[in-house]
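Data first, discussion second: the structure below is written as structure tokens.
The values are calculated or read from the model by the stated rules, or taken from the named source; none is laboratory data. This one's a predicted model, so the numbers in the text were calculated from it and none came from an experiment. Ideal geometry is used to build each Cβ from the backbone, glycine not excepted, and the neighbour counts take in all protein chains shown.
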Amino acid sequence: MTISRILPHALCVMIVILSGACTRKAVEKNDSPVLVKVGKSTLTHADLLKALPVGLTTADSAAFASAYIRKWIDSRLISDIAASEIDMTDIDRLVNEYRNRLVEMEYKTRMADAHAPSSFPEDSLRNYYVNNNSDFILERPMLQGVYLKVPDNAPNLALIRKLYRSDKQSDIDRLEKEILTSAIHYDYFRDKWVDWEQIELHIPYDFGSKPDAFLRGRDHFETSAGGFVYLLDIKDVLPSGAYMPFENARVLISERLSAHERQVYEASLMKNLYNKSVADGKIQLFVDIKP
């Protein structure tokens, strides 16, 4: 059933090639024939079947198996063979330290997710905003208004030009009906502040490196490119250096408060875990350390 071939003895590698086409018949690992052995590691027929993609032809299966076995061998030549020629003390120490850090991070994350608050009362958010408003200074302007992208051959383009700058709710309602048949992109943000960068990215126009200078004194902007007309109504502008509106800062504040609460919780968690472990005898101290 099998043909064995021994690679150079210096590598201590044995490959057993099974005859016949591979099938996906369930094979228990303990009973499965060994295909490759490198040092103390083994690759079995069952291991190979688990890795084999579904739907390959016989030729492709053979090619995949050959490549997979070779890659498996290469991955273990260092870990199982070369490792015997170097001092593994430092490697084992680093692996153990890394494992401990992973366990610590996972434990803290799970416990904080379950116990540390992630939402905060409105007054807590506003108090943080007031007391730390210097942290929320705009690096770019923000604006309120209306943005549209419309084909330049839209039959109702003239009407859209008239309606999108109107302050009348009836005109805005009519605009929104008109754009259903024409506009490619429509964004109404007269009731919220939007970062200038979010608008700039949609308009194929060189606004220069000083958006504040471009926006100063403007109440609308229009340009054409690639068969489309880009319309921007500017209701209001917050310049760079102004304070970010509270509604826009809300998410950042919540993230900061959440991070702070997680740190507080983790410190309390580790202190309680330490005290309990000392009381239970799981920690035995033979030196004095600071509490």
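Under 9 Å between Cβ atoms, at least 6 apart or on separate chains: pull out the pairs that start in region 215-227 with a residue that is touching a residue at least 60 places away in the same chain (Cβ under 8 Å) and end on any residue that is exposed (fewer than 11 other Cβ atoms within 10 Å of the Cβ).
If the second residue must be exposed (fewer than 11 other Cβ atoms within 10 Å of the Cβ), the pairs left are G227/N153.
Mind checking which pairs have a first residue in region 168-180 that is among the basic types (K, R) and a second that is surrounded by 15 or more Cβ atoms within 10 Å (Cβ to Cβ) and not in a helix (DSSP H, G or I), Cβ under 8 Å, 6 or more apart or different chains?
none
Considering (1) modelled with pLDDT of 95 or more; (2) surrounded by fewer than 16 Cβ atoms within 10 Å (Cβ to Cβ); (3) of a type outside the set (D, E, K, R), say which one F228 fails and leave the rest.
The one condition F228 does not meet is (2).
Any idea how many residues of region 248-291 are touching a helix residue (DSSP H, G or I) at 6+ places or on another chain (Cβ under 7 Å), over 30 Å from W196 (Cβ atoms) and assigned to a helix (DSSP H, G or I)?
Result for region 248-291: 4.
From V130, V194, grab the single residue that is in contact with a strand residue (DSSP E or B) (Cβ under 7 Å, 6 or more places away or on another chain) and either modelled with pLDDT of 95 or more or in the same structural domain as I253 (by TED's automatic domain parsing) (or both).
It is V194.
Picking from N96, N153, N127, N100, which residue would you name as being of a type outside the set (D, E), at negative phi and part of a loop (DSSP other than H, G, I, E, B)? Walk me through how you get there before you give the answer.
Working: N96 fails: part of a loop (DSSP other than H, G, I, E, B); N127 fails: part of a loop (DSSP other than H, G, I, E, B); N100 fails: part of a loop (DSSP other than H, G, I, E, B).
After applying the criteria, what remains is N153.
Listed here are the residues, each with its yes/no results for (1) surrounded by fewer than 12 Cβ atoms within 10 Å (Cβ to Cβ); (2) at pLDDT below 95; (3) in contact with a Phe, Trp or Tyr (Cβ under 8 Å, 6 or more places away or on another chain).
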{"position": "E104", "(1), (2), (3)": "no, yes, no"}
{"position": "Y107", "(1), (2), (3)": "no, yes, no"}
{"position": "A116", "(1), (2), (3)": "no, yes, yes"}
{"position": "P121", "(1), (2), (3)": "yes, yes, no"}
{"position": "S134", "(1), (2), (3)": "yes, yes, no"}
{"position": "P141", "(1), (2), (3)": "no, no, yes"}
{"position": "Q144", "(1), (2), (3)": "no, no, yes"}
{"position": "A154", "(1), (2), (3)": "no, yes, no"}
{"position": "A158", "(1), (2), (3)": "yes, yes, no"}
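Among residues belonging to region 5-60 that are modelled with pLDDT under 85 and assigned to a helix (DSSP H, G or I), point out the one that is nearest to D74 (Cα to Cα).
The selected residue is L11.
Tell me, please, whether a residue that is in contact (Cβ under 8 Å) with a residue 40 or more places away in the chain, assigned to a strand (DSSP E or B) and not charged (D, E, K, R) can be found in region 195-214.
no
Could you list all residues from region 72-87 that are under 35 Å from the mean Cα position of the chain (by Cα) and surrounded by 11 or more Cβ atoms within 10 Å (Cβ to Cβ)? Show your work before the answer.
Residues of region 72-87 under 35 Å from the mean Cα position of the chain (by Cα): 72-80.
Correct list: W72, I73, S75, R76, L77, S79, D80.
Evaluate region 183-191: report whether one residue or more is part of a helix (DSSP H, G or I) and touching a strand residue (DSSP E or B) at 6+ places or on another chain (Cβ under 8 Å).
no
In this structure, does E247 turn out to be over 26 Å from V130 (Cβ atoms), out of contact with any strand residue (DSSP E or B) (no Cβ under 9 Å at 6 or more places or on another chain) and in contact (Cβ under 8 Å) with a residue 40 or more places away in the chain? Walk me through how you get there before you give the answer.
Working: over 26 Å from V130 (Cβ atoms): no; out of contact with any strand residue (DSSP E or B) (no Cβ under 9 Å at 6 or more places or on another chain): yes; in contact (Cβ under 8 Å) with a residue 40 or more places away in the chain: yes.
So E247 fails the test.
If only one of Y265, Y243 is under 30 Å from R110 (Cα atoms) and either in the same structural domain as Y186 (by TED's automatic domain parsing) or of a type in the set (S, T, Y) (or both), which one is it?
Unique residue meeting the criteria: Y265.
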